[in-house]
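A quick write-up on the structure given underneath.
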């Protein structure tokens, strides 16, 4: 697997985490670069570790959850997105909006958006490719995109208020639905 293919894989695997970072930024209008860095490191870290776990498990672990991993991702993302939509409707001011970015929420979001990276690690096993460069690249690309995405979402959230927070929640629910449908139909 060449560097170009690794970069394309990295970007595609980072898209879910990037979208969630934008939504988190929309729901955190008063957060700063430190929060953006925390989110980026959580998502980038999970996106680095999950392919390694998948690679080392060589399909054994993934075989147990592959029949319902899409349901896990869907439920987690739909719940968080639904909560975000509810809070946007319930709150009025930009400063009153909050999205939970505590340790538990970050772990759930990072896990939900990195399940596909686990599968990618399993796939790399069958390509007889080394896991270290792809895993590092996936993590770095995800980290960078999530940092930028959070700051971008934060600006959108304060500029457009409630509508952007609702849109962010819809994106999360949509991502969960996309993951579910791709697995059920594909």
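The values are calculated or read from the model by the stated rules, or taken from the named source; none is laboratory data. This is a predicted model, so every value here is computed, not measured. Counting neighbours? That spans all protein chains shown, and the Cβs are built from the backbone with ideal geometry, glycine included.
Test each condition in (1) more than 16 Å from residue 43 (Cβ to Cβ); (2) at pLDDT 70 or above; (3) within 19 Å of the chain's Cα centre (by Cα); (4) surrounded by fewer than 22 Cβ atoms within 10 Å (Cβ to Cβ) for residue 98 and report the one that comes out false.
Exception for residue 98: condition (2).
Say we look at the range 26-41 and pick out the residues that are within 25 Å of residue 136 (Cα to Cα) and in contact (Cβ under 8 Å) with a residue 40 or more places away in the chain; which of these is surrounded by the most Cβ atoms within 10 Å (Cβ to Cβ)? Walk me through how you get there before you give the answer.
Looking only at the range 26-41, we keep the residues that are within 25 Å of residue 136 (Cα to Cα), and these are 33-41.
Those still in the list that are in contact (Cβ under 8 Å) with a residue 40 or more places away in the chain too: 33, 35-41.
On the way: 33: 12, 35: 17, 36: 23, 37: 14, 38: 17, 39: 26, 40: 23, 41: 17.
Checking each candidate, the answer is 39.
Would you point out which residue out of 7, 13 is at pLDDT 80 or above, over 22 Å from residue 184 (Cα atoms) and out of contact with any strand residue (DSSP E or B) (no Cβ under 8 Å at 6 or more places or on another chain)? Outline the logic, then answer.
Numbers: 13 fails: over 22 Å from residue 184 (Cα atoms).
It is 7.
Looking at this structure, is residue 110 at pLDDT 85 or above and closer than 18 Å to residue 18 by Cβ? Steps first, please.
Values: at pLDDT 85 or above: yes; closer than 18 Å to residue 18 by Cβ: yes.
Criteria met by residue 110.
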